[in-house]
Amino acid sequence: MPSSQPQPEGKPLPVIDCSRPDAVATRDGAVSGFSLLELLVLLLIIGLMTSAALMSVSLGERDPARATARRLQSLIGLAHEEAQMQGRNLALGFWQHGWRFYALDADAAWQPVNDDRSLRLRRLPHDLTLELQLQGVEVVLSPEQRLHPMVFLLSSGEMQPFVLGVEQGGVVRERLQGNAVGQLTLTAVHHAR
């Protein structure tokens, strides 16, 4: 049966071994593809590179106070941006051993944010505590998980100014400061109270 496509003169069409699912015909008719061994070596290399990257990231942050302060800085920055982009007011509540984000609902009531994994309830490692200052006045944080909104992140881009200290062994190790326009500054401090 004649083919509807014109064939180049003098060159026969390549024959492809269809029993190999990875078979691809090249211009000269040779079949190429990856062998199982080549794929396994590739997966091994990717696995080793991923393990090395994860280990370097986890070993890079050995100071739990610094890691906690950086996490808080990132999460507050994320929440501040989300408040503006989504047009909703958010807030943060703290206790000595953790924090939680809140959102203002349609009934003008503050509700815990449960639908966003990034803004979920967080607990500190056992040897860390938080201290909070609002408008230069130290706020007494509960040792238990009794939370209510304290720091407000408004949809207009404004943020209630605050200073948050991360303590380790009664010593403030890191201080996170937020200003009225949402800028966050992290400072390492190492003095006893």
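Here are some residues: SER118, SER156, SER142. Which one is in contact with a Leu (Cβ under 8 Å, 6 or more places away or on another chain) and of a type in the set (Ser, Thr, Tyr)?
Answer to the check: SER118.
Could you grab the pairs with beta carbons closer than 7 Å, sequence gap of 6+ or different chains, first residue in region 121-141 and under 15 Å from GLU174 (Cα atoms), second one in a loop (DSSP other than H, G, I, E, B) and modelled with pLDDT under 90?
ASP127/GLY169
Which pairs turn up if I take residues in region 151-163 that are surrounded by fewer than 21 Cβ atoms within 10 Å (Cβ to Cβ) and look for partners that are part of a strand (DSSP E or B) with beta carbon separation below 6 Å, at least 6 apart in sequence or on another chain?
As it stands, the answer is PHE152/ALA91; GLN160/VAL151; GLN160/PHE152; VAL163/GLN133; VAL163/GLN177, since those pairs meet every condition given.
ALA108 fails exactly one of the following numbered conditions: (1) in a helix (DSSP H, G or I); (2) at positive phi. What is the number of that condition?
It is condition (1) that ALA108 fails.
The values are calculated or read from the model by the stated rules, or taken from the named source; none is laboratory data. Keep in mind that this is a model prediction, so the values were computed, not measured. A quick note on method: Cβ atoms are made from the backbone with ideal geometry, for glycine too, and the neighbour counts reach across all protein chains shown.
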